[in-house]
Amino acid sequence: MIEIIGGSKSDEKIVNKVTTVLQKHKTPFTIEYLSAHRDHDKLVEKVKSSVSEIFICIAGLSAALPGVVASLTEKPVIGVPVSTALDGLDALLSIVQMPKGVPVATVGIDNGQNAAYLALRILGVKKVE
């Protein structure tokens, strides 16, 4: 199973890009909207109790969500930067510049589809054309 976490409901457009691919491949997923800053305790509880194998975290602005999730789990985390401020470059850099030992795989700005395809590859599911 894949856990999709959006930083806020405003990320729903990107979340839908992820879910469209996962539904096409009949891959189970769950969706939560939790801010790394405003919902920190709920986020920690969610990550620690999750039975999902992979996390896809969608975040703009400070884009701390993927890094915070990666710091709480040994499971793979895929970050999707959202184009809010600075055309998403700030979010992209926040996600890719993680300290050693806290890896976050990162896809292109607003590219929820590639996050889903990467998660499927990690799970060993072949892409269907």
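Considering only 24, 42, 13, give the residue with the highest GNM mean-square fluctuation for the chain, with springs between Cα atoms whenever their separation is below 10 Å.
Of 24, 42, 13, the most mobile in the Gaussian network model is 24.
Taking the chain as a Gaussian network, where each spring joins two C-alpha atoms under 10 Å apart, which residue of 86, 65, 34 fluctuates the most?
Between 86, 65, 34, it is 86 that shows the largest mean-square fluctuation.
Any chance you could tell me what percent of the C-alpha pair distances in segment 1-58 go past 14 Å?
When all Cα pairs of segment 1-58 are counted, 52 percent exceed 14 Å.
Under 14 Å from a point 7 Å along the Cα-to-Cβ line of residue 33: which residues of segment 1-22 have their amide N that close?
Zone members listed by number: 5-16.
With a ≥ b ≥ c taken as the square roots of the eigenvalues of the C-alpha gyration tensor of segment 78-119, please select rounded if a/c is under 1.5 and otherwise prolate if a/b is larger than b/c or oblate if it is not?
Oblate shape, in that a/c is at least 1.5 and b/c is the bigger or equal ratio.
Compute the FRET efficiency between residue 75 and residue 20 as 1/(1 + (r/R0)^6), taking r as their Cβ-Cβ distance and R0 = 22 Å, and round to the nearest 0.05.
With a Förster radius of 22 Å, E is 0.45.
With N set to the number of residues, divide the alpha-carbon radius of gyration of segment 2-123 by 2.2 N^0.38 Å and report two decimals.
Normalised Cα radius of gyration, segment 2-123: 0.93.
How much mean residue ellipticity at 222 nm does the chain get from its helices, if each DSSP H run of length 4 or more adds -39500 (n - 2.57) and you divide by all residues, to the nearest 500 deg cm²/dmol?
Taking each H run of at least 4 residues, the total per residue is -11500 deg cm²/dmol.
If you keep only loop residues by DSSP, which GluC sites (Glu not before Pro) in segment 43-109 have at most 16 other Cβ atoms within 10 Å of their Cβ?
When the GluC sites (Glu not before Pro) of segment 43-109 are filtered for loop state and at most 16 Cβ neighbours within 10 Å, 53, 74 remain.
With a 10 Å Cβ neighbour count serving as the proxy for reagent exposure, in which order, fewest first, do 15, 96 appear?
96, 15
Laboratory data are not the source of any read-out in this text; all were calculated from the coordinates shown. These numbers were taken from a predicted model, which means no experiment stands behind them. Neighbour counts are summed over all protein chains in view; Cβ atoms, including those assigned to glycine, are modelled from backbone coordinates with ideal geometry.
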